[in-house]
Amino acid sequence: MRKGRFNKPAAEIAQHYSESVSFDWQLYRYDIAGSIAHAAALARAGIISAAERGKIESGLLAIRKEIESGKFTWNRSLDDLHMNIEAALTKRIGSAGAKLHTARSRNDQIALDLRLYVKAEITEVSSRLRSLQRALLDLAEKHLEVVMPGYTHLQRAQPITFSHYLLWQIEAFERDAERLRDCLNRTDVLPLGSGALAGSTIALDQEFLARALGFTRVCQNSIDAVSDRDFVCEFLFCLAISGLHLSRLSEDLIIWSTTEFGFIEFSDAFSTGSSLMPQKKNPDIAELTRGKIGRLYGNLMSILTTMKALPSSYNRDLQEDKEALFDSVDTVRSALEIFAAMLPELKINRDRMQAAASDPNLLATDLAEYLVKRGMPFRRAHAIVGCLVADCATKEMALNQVPLAELKKRSSLFDADVANVFDVRHSLAQRRATGAPSPKNIAVQIKRWRKKL
Ligand code: ARG
């Protein structure tokens, strides 16, 4: 590449500073697929012969084998994976290899590699999301009847079921899968043929290239083709949000595994000990996941910041997109995988959850609604029950132990049937709004997800 224009070799320190092969080698599969398709397009355009095309293809396939068996030596002084593969090809097949880079720039080449990589990873992450959703659904089905307190502000609020909680998680991960599908649509555009930024005087059949490489559309502006990293930003955002969901799930599980809550216990296989305190069993997998999500946000900020104020078309700054991208993909892939493996082994302490859910204060709102159903305005009912709760707190008495006579002093609308209010299952059965945790609703939701997942 430097043979014509330069009088001096690059300084070693400059080479070292600018090389990308130490990380972009991971794109070799896509780079080789792109080059094979490109050679076919060059043959169609009459730039290379059918024999040359055949040599290029078999040469590239042999190089791929070499890479996959670990025998290929990546040379840092050759800058990036594109130059490494091209040099190896030319060494292997001679002058036909030197024709491959006709009507192509590394600018459209790297854009192509990245798009192919992101497309493949969208599929991979989506399937891991599915596995996690299935693990959550299995758990929801297995512990169908387990009642627990629902929390707001991490204070006991109203009764829910454990399944209801798990169904929430499934919804959130479903949005992640949808977001990925949406991102795929914008990633699915062929940039090849756009050259450095203005195409080439040698026109290639881009529709043919798109078909060969599995793209549904061809980029309609060659400047856009080499400038655009929106799909990387979007994908990193998708991954960051999946991470956010995993982190909130982690947080709940960590809290619930404390002695104070005792709602769940992590399997020994997914717990760690303390080097000092012999009694400890720590939820490190969930903690690490919660911790790792910071990197996903960092990676998203990094690409957004790199893109901001870049002049149009290709600038070398764009090389900085890869490490962030690879790191987020690896992080989310492994987090999804370990959660899908860890969840089925979670021990659910049904009794502890149920005991916590028998706190009558969880039904204070139901009590107010009892009065509303007898004609009282909600604000008044809210105040009356608020006073009752405060009273009970000072007298250290449970809300469901207040004698009917006392209740009647607060409102004549109270009657003997008020006792029914304090039946948690009765309360749940009434929660029939779409998405609310009545057992009927939960059964419908589980059936719906079973069909879908
Ligand atoms: N390593 C470069 C990247 O990752 C490849 C494209 C280089 N193009 C160039 N004109 N220097 O972006």
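The values are calculated or read from the model by the stated rules, or taken from the named source; none is laboratory data. Because the structure is predicted, anything quoted here is derived from the model rather than measured. Note that each Cβ is placed from the backbone with ideal geometry, even for glycine, and that neighbours are counted across all protein chains shown. Accessible surface areas use protein heavy atoms only, side chains included; no ligands, DNA or RNA. Shrake-Rupley method; radii C 1.70, N 1.55, O 1.52, S 1.80 Å.
Which of (1) out of contact with any Leu (no Cβ under 7 Å at 6 or more places or on another chain); (2) in contact (Cβ under 8 Å) with a residue 60 or more places away in the chain; (3) open to solvent by 30 Å² or more (accessible area, probe 1.4 Å); (4) not β-branched (Val, Ile, Thr) does Ser105 not meet, given it meets every other one?
(3)
I'd like to check something: does region 338-350 contain any residue that is open to solvent by less than 50 Å² (accessible area, probe 1.4 Å) and within 15 Å of Val424 (Cβ to Cβ)?
No, because not a single residue in region 338-350 is open to solvent by less than 50 Å² (accessible area, probe 1.4 Å) and within 15 Å of Val424 (Cβ to Cβ).
Write out, first by first residue and then by second, each pair whose Cβ atoms fall under 8 Å of each other, whose residues are 6+ apart or on separate chains, and whose first residue, in region 295-313, is part of a helix (DSSP H, G or I) while the second is modelled with pLDDT of 95 or more and open to solvent by 80 Å² or more (accessible area, probe 1.4 Å).
Leu300/Phe237; Ser302/Glu320; Ile303/Glu320; Thr306/Glu320
Residue check, Leu276 against (1) assigned to a loop (DSSP other than H, G, I, E, B); (2) modelled with pLDDT of 95 or more, all met but one. Which one?
Unmet condition: (2).
Quick check: is even one residue across region 221-235 assigned to a loop (DSSP other than H, G, I, E, B), over 22 Å from Leu336 (Cα atoms) and not basic (Lys, Arg)?
yes
Among Leu60, Leu42, which is the only one that is in contact with a Lys or Arg (Cβ under 8 Å, 6 or more places away or on another chain), buried (at least 16 other Cβ atoms within 10 Å of the Cβ) and modelled with pLDDT of 95 or more?
So the residue among Leu60, Leu42 that is in contact with a Lys or Arg (Cβ under 8 Å, 6 or more places away or on another chain), buried (at least 16 other Cβ atoms within 10 Å of the Cβ) and modelled with pLDDT of 95 or more is Leu42.
Just a yes or no: is a residue in region 200-210 β-branched (Val, Ile, Thr) and surrounded by 20 or more Cβ atoms within 10 Å (Cβ to Cβ)?
No, every residue in region 200-210 fails to be β-branched (Val, Ile, Thr) and surrounded by 20 or more Cβ atoms within 10 Å (Cβ to Cβ).
Sort through Val147, Val125, Val118 and tell me the only one that's of a type outside the set (Ser, Thr, Tyr), open to solvent by less than 50 Å² (accessible area, probe 1.4 Å), in contact (Cβ under 8 Å) with a residue 60 or more places away in the chain and within 16 Å of the ligand (Cβ to nearest atom).
From the options Val147, Val125, Val118, the qualifying one is Val118.
Where in region 362-453 are there helices (runs of 4 or more DSSP H), lying fully within it, with 2 or more residues that are touching a residue at least 24 places away in the same chain (Cβ under 8 Å)?
Of the helices (runs of 4 or more DSSP H) lying wholly inside region 362-453, those with at least 2 residues that are touching a residue at least 24 places away in the same chain (Cβ under 8 Å) span 364-373, 378-395, 424-430, 439-452.
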